[in-house]
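A quick write-up on the structure given underneath.
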Amino acid sequence: MDTFQLIPPALVLAAVGVPLLAALLVALLGARLAGLLAAAQLVVTTLLVVFTLGAVNVRGGERGPHREGLRGSAAMTFEPNFVPGDPTLANNEFAQTHGTTWGLLSLGPVPGPGVPAPEVQFFLGVDGLNVWLVALTSVMTLVAVLISLGRVRERPAAYFAWLFALQAAVTGAFLSFDIVLFYVFFELTLVPAFFLIGNWGPGRGRRDAAKLFFLYTLFGSLFTLVGLVGVVLANPTPLHPTPPPPTARDPKPTARPHYRAFTDPAGELRLPTEGPLTYSIPQLMRNASAWGNVRGYRARVAADRLAEADAGLAAANARLAAGPATPDLSLQAAAEKAQSLAAAEAATAIAEVTRGRRLQVWLFVLLVAGFAVKTPIVPFHTWLPTTYSEAPIAVTMLLAAVLSKLGTYGILRVVVPLVPDAATAYGLEVLGVLGAIGVVYGAFCAFGQRNLRLLAAYSSVSHLGLLVMALFSLNTEGLTGASLHMVNHGLATGAMFALLGFLEARHGTMDMSQYGGLIGRYPGFAFLFVLVCLANVGLPFLNNFVSEMLILAGLFDPSVVSPLGYGLAVAGASGIFLSAWYTFTMLRRVLFGPPIAPPLREGVTPAMALPEALGYLIPAALCVVLGLYPQPVLDSVKGDVAVVAQQADLARMRQGLPPSTRLHLPPESPTTDDAPPPGRGGPGAARW
């Protein structure tokens, strides 16, 4: 076995395992190791990013010879790389199966070759959508450790141990491709956050804030749990009872599960049957598309047969009217019977489509509930002001920069791929509108704040509203912008909270009216603070500008989101303008004018210590780097963004809507495994 092959899967495990080990070591040996261990986990993440960039093909989703797009020979789905337990590693093969054999909970025997087993798996992997979020988590955890060194005086070892535990839980959620494992990590993030807020918050209301955060987010997550269970039950692996005969294109049809409908020699339509349950997110994505296509295809075939029966009945009636005085009624009776059977079949098929879409709508509501709270999306943000003001500044930074991305990442990884019909039908109309409201509402709330923490918190809400709109534009520009903006928002907002901690650590207050003229007193702080604020407002050559322009381009796409998208784009652009308004107002009051500042806290020096300065410089420098050269991130997300966009396009086609023009779909009938080819469907099925 090639030892080099084992390095990337080991790095995937280490991305979760090293923070857990760091938490244990810090708890046992003391806080003095925290900085070194934080740097070690950043090295692990950097190596993982390098390997992932080498594995992800950046040619817009053409990630292998079997990937031919929506019309290709295989269903488009996520392809996690470097999966621990990938069976190809045992055979010393460089090709990846993008799956794992590491089971956690078996729920039945293996059904057969090529059919996924009904079991919960330890399924971790990296792709273009999560690798940069893992890197963001690693960077911001290092920043949190650096700005906390020397500030946390009460039980520092426990504090840093909980920080590393929080990192491990967040990273595990980002890396999970099993839906149960994802939810477990998603919920585990609440435990370290609860203890960090309740034990080390600066205010008297920290325990109440910790309870509010825990209960509010747990309540929303329970709805998401019900939705995840519903998705699993609604999308079993589709299997055909009788495999189709071998063809030149598929010489071994028994070697894999069959998603296609076909007609048997007698001309009858044969549909897949329900196979075993699966918890794999890539498999669930394929299944959801397969069942949606099968239901839609059956409805189209039934409609075409009804049209044929109606034409036959009309022809029989015409012959009867033109026939002799004593006509033969058998032809008319046969035509009426055929028309009645076709009408019943069409009604059944349409009812099945309606039930499937109605179920997806309910699952969509349940899934979004927990992710909307975690993001947070207005009006599910009411826990935010208290929590952000009462948590330690490093924890507030992680809540805004990293934990909020669990909500948006959940929408991108789970909601859109697994309930695509509901997401395309109601996502932009409901969640997009709420995001637009959040953009404007958050901006005005930020302008009205005198507490610098709350100003940054509501600014984060405003920018996250823009991100939510982009996620439900469901085209390549919007989804690419959203993927990049998750990273950009985390860096810029996290850097702003970290720099606010500079003032809080020295003067003990976040009241804006207590500060003025700080550019003369703290020139280094003022330079970095202005830089980060400019990044937040989307100044060209800084990171937020690139992602915000892509988001607005996605909302202006006339093929998908007009006319609603135009209004949302105007709201998004207004939010960018308003962010400049309140940000520059704050900078003028705090940095310029007569020098004003509360007295220094006892035992605190005005100069920055080296670890603290590094904690400020790292995210600020990355804001500049991604503003000047965002191409590595854009290239690495192309393939997986195309997967999500094509899943949304299939849903649009099922609803009779045009697909995104950015994907340039050919007019002929699809022949993918999850989009059945036309049998006796006639012209209607050809449009499918």
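Every number here is computed from the coordinates shown, using simple stated rules; none is lab data. Please read these numbers as outputs of a predicted model, since none were measured by experiment. Virtual Cβ from ideal backbone geometry, glycine too; neighbours counted across all protein chains shown.
Stick to Cα atoms and the Kirkwood definition of Rh, then tell me Rg/Rh for segment 1-54. Numbers along the way, then the final one.
Numbers: Rg = 12.8 Å, Rh = 12.0 Å.
On the Cα set of segment 1-54, Rg over Rh gives 1.07.
What's the ranking of 463-474, 201-212 by average number of surrounding C-beta atoms within 10 Å, highest first?
Values: 463-474: 30.2, 201-212: 16.3.
With the highest mean Cβ count within 10 Å placed first, the list reads 463-474, 201-212.
Mind jotting down the distance between the C-alpha centroids of segment 507-548 and segment 1-42, whole Å?
33 Å
Net charge near Phe174, counting Lys/Arg +1 and Asp/Glu -1 over other residues with Cβ under 12 Å of its Cβ?
Cβ neighbours under 12 Å give a net charge of +1.
Summing +1 for each Lys or Arg and -1 for each Asp or Glu, what net charge is found among the other residues whose Cβ lies under 14 Å from the Cβ of Gly435?
Numbers: positive: none; negative: Glu429, Glu548.
Neighbourhood net charge equals -2.
Could you give the length gained on full extension between Arg155 and Leu104, defined as 0.36 nm per residue of separation minus the Cα-Cα distance, in nm?
Numbers: separation 51, 0.36 × 51 = 18.36 nm, distance 3.57 nm.
Full extension from Arg155 to Leu104 adds 14.8 nm.
List the equivalent ellipsoid semi-axes of segment 363-479 in whole Å, largest first, each obtained as the square root of 5λ for an eigenvalue λ of the Cα gyration tensor.
Working: eigenvalues 130, 42, 25 Å².
Semi-axis lengths for segment 363-479 are 26, 14, 11 Å.
Kindly provide the pair-distance distribution of segment 434-576 built from C-alpha pairs, with 10 Å bins from 0 and whole-percent values in order of increasing distance.
So the P(r) values, bin by bin, are 13, 40, 29, 14, 4, 0.
With r defined as the distance between the Cβ atoms of Leu36 and Leu564 and R0 fixed at 51 Å, what FRET efficiency is calculated, to the nearest 0.05? Please list the in-between numbers first.
On the way: r = 51 Å, r/R0 = 1.01.
Efficiency at R0 = 51 Å is approximately 0.50.
Order the peptides 41-49, 505-513 from the highest to the lowest mean number of other Cβ atoms within 10 Å of their residues.
The packing order, highest mean first, is 41-49, 505-513.
If you find the alpha carbon centre of segment 150-228 and of segment 433-481, how far apart are they in angstrom?
Spelled out, the Cα-based centre of one part sits 23 Å from the other.
Which order do Phe164, Phe122 fall in if you start with the one that has the fewest other Cβ atoms within 10 Å?
Values: Phe164 27, Phe122 16.
Sorted ascending by nearby Cβ count, the order is Phe122, Phe164.
Per-residue HN-Hα couplings for segment 572-588, Karplus 6.51 cos²θ - 1.76 cosθ + 1.60 at θ = phi - 60°, whole Hz, x for Gly and Pro?
Calculated HN-Hα couplings, in order: x, 5, 4, x, 5, 5, 5, 5, 5, 4, 6, 5, 5, 4, 5, 4, 4 Hz.
Can you figure out the FRET efficiency of Ser513 with Ala351, using R₀ = 60 Å and their beta-carbon distance, to the nearest 0.05?
On the way: r = 64 Å, r/R0 = 1.06.
For R0 = 60 Å, the calculated efficiency reads 0.40.
Counting Lys and Arg as +1 and Asp and Glu as -1, what is the net charge of the other residues whose Cβ lies under 14 Å from the Cβ of Phe214?
Values: positive: Arg206, Arg207, Lys211, Lys374; negative: Glu187, Asp208, Glu390.
Net of charged neighbours comes to +1.
Listed highest first by mean packing, meaning other Cβ atoms within 10 Å per residue, what order do 620-631, 221-232 come in?
On the way: 620-631: 17.3, 221-232: 19.3.
Top of the packing list down: 221-232, 620-631.
Between Thr46 and Val604, take the C-beta separation as r, use R0 = 22 Å, and let me know the FRET efficiency to the nearest 0.05. List each step's numbers first, then the result.
Working: r = 33 Å, r/R0 = 1.51.
Between Thr46 and Val604 the formula returns 0.10.
If I take the Cα coordinates of segment 525-571 and project them onto the principal axes, what are the three extents in Å, biggest first?
Principal extents (largest minus smallest coordinate, Cα): 45, 16, 9 Å.
For segment 434-588, what does the relative contact order come out to in percent, with C-alpha contacts under 8 Å and a separation of six or more?
Details: 204 pairs, mean separation 48.2, N = 155.
31 percent.
Enter the Cα centre distance for the pair segment 402-416 and segment 554-618, rounded to the nearest angstrom.
Result: 23 Å between the Cα centres.
With viscosity set to 0.692 mPa s and temperature to 37 °C, compute the Stokes-Einstein D of segment 419-498, Rh being the Kirkwood radius across alpha carbon pairs; µm²/s, no decimals.
Details: Rh = 13.2 Å.
Stokes-Einstein gives a translational diffusion coefficient of 250 µm²/s.
Can you give me the three principal axis dimensions of segment 574-628 from its C-alpha atoms, in Å, biggest first?
Each principal axis gives a Cα extent; for segment 574-628 these are 44, 30, 15 Å.
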